[in-house]
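Okay, so here's the structure we're looking at.
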Amino acid sequence: MIDFSSDATAIRDAVRGRSVKAVEVVAMFVARAHQANAQLHAFHEILEEDAMAQAQAVDAAIAAGRDPGPLAGVPVAVKDNIATRVGHTTCSSKMLANYRSPFDATCIERLQRAGAIVMGKTNMDEFAMGSSTEHCAWGPVHNPWDVSRVPGGSSGGSAVAATASLCGVALGSDTGGSIRQPASLCGCVGFKPTYGRVSRYGLVAFGSSLDQIGPLTRSVRDAALTYAAMAGVDVRDSTSANTVVEDPLGELEHSMKGLRVGVPHQYASQANHEQVNTIVQRAFDRLKAAGATMVPVDLPLTDVGISTYYVIAPAEASANLARFDGVRYGHRSAPRAGDTLDALYARSRGEGFGPEVQRRIMLGTYVLSAGYYDAYYGRALKVRRLIKAEFDKAFTQCDVIAGAASPIPAFRAGGMTDPLQMYLCDVYTVNTNIAGIPGISVPLGCIGVEGTDLPVGLHLQAPAMADAKLLRIARMVEKLHPEAARPPNKYATH
Ligand code: GLN
């Protein structure tokens, strides 16, 4: 039997083995999601009826003797910037408050074909801009370990849904850390695949050269399972990689003999929370005891990532968000007598976008403007190349690069009002996207902060297209940290 401590792989096994029906699984998770949502606010919409209909189809396939797929009966919580035919796709923005997508994102189509069930849409920082899931038009999301703290962001709702077992697996998007950072702050697994591995078709674009869809899950094997069902070339996304996807599940349990773990001293910064450094060091000690070799590597451009990212991402966002003008797409302000078209655009965008999104659009427009393009955007692209080269060099010495996913654990809601301070939280995750390589956050267990247990994740990065290998190494780390399997007390189930 399954319970709320089950991961998606166990749910899938139970459904396929007919010990539970998909409709029973959905009913179970939907009820828990409704109950917990009052406190955690992970979901914007719980799509009970649609989910039940999808579950009935899975059960019918099983009854008819058809293969229900590798994710049979697994309820999926979908970040609200991924297009689904069912429910709304709002990006947690007033701009898209009433938007219903006429199509499914490719990842959704593929997951459903694998037997998964879309059970709801999760809250996020508006248009995926933020690291706390406080900048959400429908109100903030709360960390299940301490509801006075943030869950991280921007995929905060998905991280909470996965961690507190409000779903089987969750989907997020990661442009500069939005899967890995909330996974670290909530204590679940968060995997950003190599750029181009998962089709972006149906993902509302933020920074198109950085965006990637990935899973947030309770186990590494669930991350591998979900990734395997979504990955691969898609004719509708010209940036999707047309290379064979290595099966991440086949050798997941094999430990890697001779594993070389690259440790940049830049990642153990004094600016990190002291206990974050301590628990990361403990992970290194365990890896070493398990036979891995720790290799010092040098990533001197680590700090420069923030300024590079916060030029490139807003530049791309300013172009991508231009379509939301109240005429072609998005919220339209009530017309006023004597309105010019420009006035209507300006008012619609002023009303539809929140302050952080407006800030990014202005920043992006500025760095792309004729007089400043070379000084900012052009230069950021050059630094991007250097960052990529720096990783390439480091990966000649090691299989994986490891460090904290976030310099600090979950902080108090409302406790970080300076946007620059918030941007600095992304110091260890943005360069992964800048270089286009895969990254994953694996829970290490908790540290005690002001009387509360707060989870910390280990961030692992691997060369482009080494996703299967990265998942294998993540599985090793997971096995070395059995204490990290403990769910948040209030949401504990066993
Ligand atoms: N926190 C980063 C930002 O605010 C990353 C967001 C993301 O990955 N979508 O832009």
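Here are the numbers for this structure:
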{"item": "Nearest-20 debye value, the chain charge dipole, Cβ charges on Lys, Arg, Asp, Glu", "result": "420 debye"}
{"item": "Among the listed pairs Lys288/Lys388; Lys192/Lys388; Lys21/Lys469; Lys288/Lys469; Lys382/Lys469; Lys79/Lys479, those beyond 25 Å (Cα-Cα)", "result": "Lys288/Lys388; Lys21/Lys469; Lys382/Lys469; Lys79/Lys479"}
{"item": "Reachable aspartates and glutamates, given that their alpha-carbon falls under 16 Å from the alpha-carbon of Lys121 and they are not under 8 places away in the same chain", "result": "Glu45, Glu48, Glu49, Asp50, Asp80, Asp104, Glu109"}
{"item": "The chain - Rg over Rh from alpha carbon coordinates, Kirkwood radius", "result": "0.96"}
{"item": "Three-way shape label, region 419-458, alpha-carbon gyration tensor, a/c 1.5", "result": "oblate"}
{"item": "Selection of GluC sites (Glu not before Pro), region 196-256, meeting DSSP coil and at most 13 other Cβ within 10 Å", "result": "Glu253"}
{"item": "Sites matching GluC sites (Glu not before Pro) across region 350-459 that sit in DSSP coil, with at most 14 neighbouring C-beta atoms within 10 Å", "result": "Glu450"}
{"item": "Two-decimal Rg to Rh for region 426-494 - Kirkwood Rh, Cα set", "result": "1.06"}
{"item": "Compactness relative to 2.2 N^0.38 Å, alpha carbon Rg of region 367-415", "result": "1.78"}
{"item": "Cα Rg, Dmax, region 1-93, angstrom units", "result": "13.8, 43"}
{"item": "Positive-end extreme of charge dipole, the chain - chosen from Pro409, Val198, Ala484 (charges on Cβ)", "result": "Val198"}
{"item": "Simple Cβ-charge dipole of region 248-309, Lys/Arg +1 and Asp/Glu -1, about Cα centre, in debye nearest 20", "result": "200 debye"}
{"item": "Gain on full stretching of the segment that runs from Lys288 to His265 - 0.36 nm per residue minus C-alpha separation", "result": "6.6 nm"}
{"item": "Whether region 343-397 is rounded, prolate or oblate, judged on the alpha carbon gyration tensor where a/c under 1.5 counts as rounded", "result": "oblate"}
{"item": "Counting DSSP beta bridges with both ends in the chain, the antiparallel % (nearest 5)", "result": "65 percent"}
{"item": "Residues with amide H under 5 Å from that of Gly445, placed H, sequence gap 5 or more", "result": "Val456"}
{"item": "Cα-centred dipole magnitude for region 109-184, charges only on beta-carbon of K, R (+1) and D, E (-1), debye, nearest 20", "result": "260 debye"}
{"item": "Ranked list, fewest to most other Cβ atoms within 10 Å of each Cβ, for Thr89, Thr243, Thr133, Thr163", "result": "Thr243, Thr89, Thr163, Thr133"}
{"item": "Convex hull volume per residue for region 115-201, taking Cα atoms only, in Å³", "result": "99 Å³"}
{"item": "Gyration tensor (alpha-carbon) shape descriptor, region 153-206, a/c threshold 1.5", "result": "prolate"}
{"item": "Kirkwood Rh, Cα atoms: Rg over Rh of region 143-297", "result": "0.99"}
{"item": "Alpha carbon Rg of region 45-160, scaled by the compact-globule rule 2.2 N^0.38 Å", "result": "1.15"}
{"item": "Amide H contacts of Val118 (H built 1.01 Å from N, under 5 Å, at least 5 apart or other chain)", "result": "Val76"}
{"item": "Relative contact order [Cα under 8 Å, 6+ residues apart], the chain, whole percent", "result": "18 percent"}
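Every number in this text was worked out from the coordinates using simple rules, so none of it is lab data. These numbers were taken from a predicted model, which means no experiment stands behind them. As a convention, Cβ positions derive from the backbone with ideal geometry for all residues, glycine included, and neighbour counts pool all protein chains shown.
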